Amino acid sequence: MTLTATETTMHGMASSGLSAPIVREWTRRFDMHGDARLLARIHTRTQVTLLRWGGNVDAATEVARHLVCNAYTHAHAGPCPMAIGFRLAVTETDELLVEVSDPLAEFPNFDDAVQGSQDGSGFWEIRQHGGQLSWFLLESGGKTVRALMAPGQVPA
């Protein structure tokens, strides 16, 4: 699933959710299997460094792992083989976008899942690593869950 220029519906952030244009990016597709989490970690560590993001690479790696794990957990039981879309992008103001797309065009109770996340849950971990979560439907079908990360230190 490729992110299209048109985000049809945004949940969790105002308008496009970006404060600046994207200047560098890297995308990949992973087959929907357990190895996708490991591949997300490996590629994030490498690509975030190559994209010259000024933030915490370890935190970004964990955010990517949790997003892919979430997609795998909720979308892999579908009737046909699926893939996970994976995108890392750096904005002009050095924010990092970690985006994971899957074929399911829904995210029931997203706000509750983010706000009610508890110690040890994937969304709780993402927030602890400084990720601001949102999701949107894709024009081509499916959805993308996005974590926006600022450069600099991870909040305590």
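The values are calculated or read from the model by the stated rules, or taken from the named source; none is laboratory data. Because the structure is a prediction, the values reported are computed rather than measured. A quick note on method: Cβ atoms are made from the backbone with ideal geometry, for glycine too, and the neighbour counts reach across all protein chains shown. Each accessible area value is taken on the protein alone, full model and side chains, heavy atoms only, with ligands, DNA and RNA left out. Shrake-Rupley method; radii C 1.70, N 1.55, O 1.52, S 1.80 Å.
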Open item on the list: Looking at the range 37-52 only, could you name the residues that are under 17 Å from T91 (Cβ atoms), open to solvent by less than 80 Å² (accessible area, probe 1.4 Å) and of a type in the set (A, V, I, L, M, F, W, C)?
Closed with: V48, L51
- [ ] Only residues in the range 130-149 that are without any contact (Cβ under 8 Å) to a residue 40 or more places away in the chain count as the first member; pair them with residues that are open to solvent by less than 10 Å² (accessible area, probe 1.4 Å), Cβ under 6 angstrom, at least 6 apart or cross-chain, and list the lot.
- [x] none
- [ ] With the checklist (1) at pLDDT 85 or above; (2) on the phi > 0 side of the Ramachandran plot in hand, flag the one item G120 doesn't pass.
- [x] (1)
